[in-house]
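The values are calculated or read from the model by the stated rules, or taken from the named source; none is laboratory data. These numbers come from a predicted model, not from an experiment. With ideal geometry, Cβ positions are generated from the backbone for all residues, glycine too; neighbour counts draw on all protein chains shown. Only protein heavy atoms, including side chains, enter the accessible area calculation; ligands, DNA and RNA are left aside. Shrake-Rupley method; radii C 1.70, N 1.55, O 1.52, S 1.80 Å.
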Amino acid sequence: QVQLVESGGGLVQAGGSLRLSCAASGRAFSSYAMGWFRQAPGKEREFVAAISSSTGTYYAHSVKGRFTISRDNPKNTVYLQMNSLKPEDTAVYYCAADLTSGIRTDPREYDYWGQGTQVTVSS
């Protein structure tokens, strides 16, 4: 029902910036809570940031102060601005949509997922 497509990943040097975008389908995008997660090789998927339908935000401690999540409801798009990138930020980044609840940090509670976009930070 809901399709999510991430873009904006790539290779960047430590200290640099990237902005990820997630374009969503769906008739009621403005009512969805949206989240960003990441997964590095050999590790479990971890929460990065989330934004509620009322634009409240929540961040993982590891990215707070460096990353900013935002949404543009008329464009059905959510963004993740990533500044001061570190090598440990290297991962595949996924966006996800929650159609049934408020802000969530558990990936098992999200309903739809994008295919992911690779972010690589060199040292």
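What ³J(HN,Hα) values, in whole Hz, does the Karplus curve 6.51 cos²θ - 1.76 cosθ + 1.60 give for the stretch 38-48 when θ = phi - 60°, with x put for Gly and Pro?
Calculated HN-Hα couplings, in order: 9, 9, 9, x, x, 10, 6, 5, 10, 5, 10 Hz.
At a Cα cut-off below 21 Å, give the lysines reachable from K86, other chains included and same-chain residues fewer than 8 away excluded.
Reachable lysines: K43, K64.
By the scheme Lys and Arg +1, Asp and Glu -1, what is the net charge of all other residues having a beta-carbon under 9 Å from that of T100?
-3
Stretched out fully, how many nm does the piece from S30 to S101 gain, at 0.36 nm a residue minus the Cα gap?
24.3 nm
What is the percent carbon and sulfur in the accessible area of the chain, measuring with a 1.4 Å probe over the protein chains and ignoring ligands?
Exposed carbon and sulfur together represent 46 percent of the surface.
Please list the non-local residues whose amide H lies under 5 Å from the amide H of D111, H modeled 1.01 Å from N, same-chain partners needing a gap of 5 or more.
A97, D98, L99
How long is the stretch 23-86 along each principal axis, judged by its Cα atoms, biggest number first, in Å?
36, 25, 15
Rounded to the nearest 0.05, what FRET efficiency is calculated for Q1 and Q39 with R0 set to 25 Å and r the Cβ-Cβ distance?
Approximately 0.60, to the nearest 0.05.
Report D for the stretch 1-40 in µm² per second (integer): Stokes-Einstein, Kirkwood Rh on Cα pairs, 37 °C, 0.692 mPa s.
Roughly 266 µm²/s, to the nearest whole number.
Quick check: pseudo-label points 7 Å beyond the Cα along Cα→Cβ at E88 and T57, how many nm apart are they?
Here the answer is 2.1 nm between the modelled labels.
For the chain, what is the Kirkwood hydrodynamic radius in Å, using each pair of distinct C-alpha atoms?
14.2 Å
Given the chain, what percent of its DSSP beta bridges are antiparallel, to the nearest 5?
Among the beta bridges of the chain, antiparallel pairing accounts for roughly 90 percent.
How big is the accessible area of T57 in square angstrom, nearest 10, if you roll a 1.4 angstrom probe over the protein chains?
We get 70 Å² for T57.
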